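This report concerns only the one structure given below.
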Amino acid sequence: MPIIEVENLSKIYRTQKRLPGLGGAFKGLFNRKYTEVRAVDGVSFNIEEGELVGFLGPNGAGKTTTLKMLSGILYPTTGTAKVMGFTPWERKNEYRRQFALVMGQKNQLWWDLPAQESLYLNKEIYGVTDEAYKEVLDEMTELLQVKKLLGIMVRELSLGERMKFELIASLLHRPRVLFMDEPTIGLDVVAQKNIREFIKDYNRRTKTTILLTSHYMNDIQALCERVVVINHGKKIFDGRLDDVVEKFSQSKIISVTFKTGEITKEKLQAMGEVLEYTQVKAVLKVLRENVKKVSNELLTGFDVDDINIEEVPIEEVIEKVFKGSEVMK
């Protein structure tokens, strides 16, 4: 049985249209006009316990709104949702003790207190026993390598260090479900890699169900086999990440290095789109059905030192998904 069940979930905001100037403000008192914004529009999906699922979409697609409804922060306009058998917006304490929401742009740590004080406050809020608190704190600070930073004021920590403590604060009560909204936003490459490795290892060890949003495709590729893609509030794909690539990318990338510099750009253009070219190296974009043929032509017709075939970058594929109107089943 799925641990997260979402059925036709919608969130519609009604906003007033205001005319400019004092006259427009006066008219608005007596003749108000409204527009509807469908932040989430009939989204449905199920997630099994222990899954780590990527939740993708461009800015304004409805990702954060969906997570807020599943966390009980927002009430939906229509539709239903069950998380661990609970209706999130009923905000029952039994539910709130079993999930956590991590938002890369929101802080739950107290800025003017040492990190350990904020963690202890969370421990008291969730009713975590002293023994369990010490066990989790020791484990998490060791894994994230921040044990020496517990006594430092939160405002004096780097962004990456604060994000690590945000994760620890969210995991103190060992939630069964973890919602993560852009957990690596603004972090440098090293910090992003550390957070990704921690999330992947934590999911593998604890079987915690994780729903993750991110604009960094490296996060999604490294962590998620399955993705749910939404755009303009509607779900347009739900399935394996590899299936997105296969469906929306009709090409592959062939990188080839030559032992001699006799190859010309004109010869390569007859095989596919030339993305990069020097006398000894070229990168081609070739239709999937032509990859085998082009590879053979390169290997038999030229003095090839090395050849590599790979998929089109996932960022390019996802961009096509966002721009397309076709809903993938």
A chain fully extended from Ile309 to Arg288 at 0.36 nm per residue, minus the present Cα-Cα distance, gains in nm 6.5 nm
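At a temperature of 20 °C and a viscosity of 1.002 mPa s, determine how fast the stretch 88-150 diffuses translationally according to Stokes-Einstein, using the Kirkwood radius over alpha-carbon pairs as Rh; express D in µm²/s, rounded to the nearest whole number.
Working: Rh = 13.3 Å.
Result for D is 161 µm²/s.
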To the nearest 10 degrees, the tilt of helix 130-143 (Cα long axis) against the first principal axis of the alpha carbons of the chain is 20
Ranked by GNM mean-square fluctuation in the chain (Cα springs under 10 Å), the top entry among Phe302, Phe237, Phe248 is Phe302
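How long are the three semi-axes of the equivalent ellipsoid of the stretch 185-256, in whole Å, if each is the root of 5 times an eigenvalue of the C-alpha gyration tensor, listed from largest down?
On the way: eigenvalues 108, 66, 36 Å².
Over the Cα atoms of the stretch 185-256, the ellipsoid semi-axes are 23, 18, 13 Å.
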Rounded to the angstrom and largest first, Cα extents along the principal axes for the stretch 125-197 equal 35, 28, 20
For the chain, longest principal axis from Cα atoms; helix 189-206 axis from its Cα atoms; angle between them, nearest 10 degrees, is 70
Computed D for the chain, Stokes-Einstein, Kirkwood radius over alpha-carbon pairs, 20 °C, 1.002 mPa s, to the nearest µm² per second, is 93
Relative contact order of the chain (C-alpha contacts under 8 Å, at least 6 apart) in percent is 19
Rounded to whole angstroms and listed largest first, the alpha-carbon spread of the stretch 209-329 along its three principal axes comes to 53, 26, 20
Of every Cα-Cα pair in the stretch 1-120, the percentage lying beyond 18 Å is 64
Most packed first (mean Cβ within 10 Å per residue), the peptides 154-162, 249-257 order as 249-257, 154-162
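Multiply the residue separation of Arg14 and Asp112 by 0.36 nm, subtract the distance between their alpha-carbon atoms, and state the gained length in nm to one decimal. Before the final figure, lay out the partial values.
Details: separation 98, 0.36 × 98 = 35.28 nm, distance 3.80 nm.
That pair, Arg14 and Asp112, stretches by 31.5 nm at full extension.
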Scaled by the rule-of-thumb 2.2 N^0.38 Å, the alpha carbon Rg for the stretch 69-211 gives a ratio of 1.05
Excluding ligands, DNA and RNA, the carbon-plus-sulfur percentage of the accessible area of the stretch 1-125 with a 1.4 Å probe reads 51
With Cα springs under 10 Å, the Gaussian network model of the chain assigns the largest mean-square fluctuation among Lys235, Lys207, Lys148 to Lys148
In degrees, nearest 10, the alpha-carbon axis of helix 159-171 is tilted away from the dominant principal axis of the alpha carbons of the chain by 60
Residue-normalised value, i.e. accessible area per residue, for the chain at 1.4 Å probe, in Å², stands at 54
Note: Thr129 to Glu156 extended length (0.36 nm per residue) minus current alpha-carbon separation gives 6.8 nm
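The values are calculated or read from the model by the stated rules, or taken from the named source; none is laboratory data. Given the structure is predicted, the values throughout are model-derived calculations rather than measurements. Quick reminder, even Gly has a Cβ in these numbers, built from the backbone with ideal geometry, and neighbours come from all protein chains shown. The area values use the complete protein model at the heavy-atom level, side chains included, leaving out ligands, DNA and RNA. Shrake-Rupley method; radii C 1.70, N 1.55, O 1.52, S 1.80 Å.
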